[in-house]
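A short write-up of the structure that comes next.
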Amino acid sequence: MLKIKTLLVALCFSIMGLGTFTTNVSAHDSVHFQMNEAEYQSLIEQGYSKKDIFRAKGIAHLAKKDIGDVLDHYQKSGSWEKTAAHFGIDVKKLKAKHKKMKAKHEKMKKFYMENKEEIFAYIAGYSAISQEELRKIQVENSLKTHHLMKAAVIAKLSNSALVDVVNEHKAGKKFYEIAQNRNVKKAEFRKELKRIHSKIKESINS
């Protein structure tokens, strides 16, 4: 659930030379920034590069501005650092926030790695299916444990079958899209995910 914020902050650091920016992006990746494909393709047709579009989208999101305004300013200034400063992006605060969020992300990653079996067992019970069936779903769809949990939460909140959510993801849809299409609110999803994490931690520590 930290993925969107972490990616946006990391992106802004890359703009100012404080991190590494991955240029291998596509229109499909744009869902992380809630940019639809039509908007993305329109900007490509206007002559903007993929890298510039995603850099501008990161600043626009954090500054609550239109991406077009950010790109226009960049064209005039020729500097992403100046563009970020123009829109009130504080580099020092971003760096501190990025460091904090990265540490939190690493902690969560470690939690999933060290408690795979406990988490897997909880998801099976939560989804009301056997561990054997859940394992089959995971293996056949090459799902990581945290992806399996996301799918389980969406299925629960939308009163859907877990396998249906997984099949949509396998077909190419991001979990953000699947949740949205099934009328699962972002706040509702995050609240449920947080509740599950707490329950699993309680179970492990008891």
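Annotations
- Segment 39-61, subset under 21 Å from the mean Cα position of the chain (by Cα) and among the small types (G, A, S), residue farthest from L71 (Cα to Cα): G58
- Residue pairs whose Cβ atoms lie under 6 Å apart, separated by 6 or more positions or on different chains, with the first residue in segment 184-206 and closer than 11 Å to V153 by Cα and the second open to solvent by less than 90 Å² (accessible area, probe 1.4 Å) and outside any helix (DSSP H, G or I), are V184/S158; R190/M1; L193/M1.
- K95 being at pLDDT below 85, part of a helix (DSSP H, G or I) and surrounded by fewer than 17 Cβ atoms within 10 Å (Cβ to Cβ): yes
Rundown of residues vs (1) touching a Gly at 6+ places or on another chain (Cβ under 7 Å); (2) outside any loop (DSSP other than H, G, I, E, B); (3) modelled with pLDDT under 70, yes/no style:
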{"residue": "L18", "(1), (2), (3)": "no, no, yes"}
{"residue": "T22", "(1), (2), (3)": "no, no, yes"}
{"residue": "V31", "(1), (2), (3)": "no, yes, yes"}
{"residue": "Q41", "(1), (2), (3)": "no, yes, no"}
{"residue": "I44", "(1), (2), (3)": "no, yes, no"}
{"residue": "K51", "(1), (2), (3)": "no, yes, no"}
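- Any hit, segment 100-120, residues being charged (D, E, K, R), outside any loop (DSSP other than H, G, I, E, B) and over 30 Å from V153 (Cα atoms): no
- The set of residues in segment 57-87 that are touching a Phe, Trp or Tyr at 6+ places or on another chain (Cβ under 7 Å), part of a helix (DSSP H, G or I) and of a type in the set (K, R) contains only K57.
- Failed item in (1) touching an Asp or Glu at 6+ places or on another chain (Cβ under 9 Å); (2) surrounded by fewer than 16 Cβ atoms within 10 Å (Cβ to Cβ), with L71 passing the rest: (2)
- Taking segment 178-206 as the range and being within 18 Å of L162 (Cα to Cα) and polar (S, T, N, Q) as the test, the residues that pass are Q180, N181, N183.
- For segment 155-181, a tally of residues being open to solvent by less than 60 Å² (accessible area, probe 1.4 Å) and in a loop (DSSP other than H, G, I, E, B) returns 5.
- Residue check for H146: under 23 Å from E117 (Cβ atoms), within 17 Å of the chain's Cα centre (by Cα) and open to solvent by less than 90 Å² (accessible area, probe 1.4 Å): yes
The values are calculated or read from the model by the stated rules, or taken from the named source; none is laboratory data. Bear in mind that the values here come from a model prediction, so they are computed numbers and not experimental data. So basically every Cβ, Gly included, is an ideal-geometry build from the backbone, and we count neighbours across all protein chains shown. Heads up: the accessible areas ignore ligands, DNA and RNA and are worked out on the full protein's heavy atoms, side chains in. Shrake-Rupley method; radii C 1.70, N 1.55, O 1.52, S 1.80 Å.
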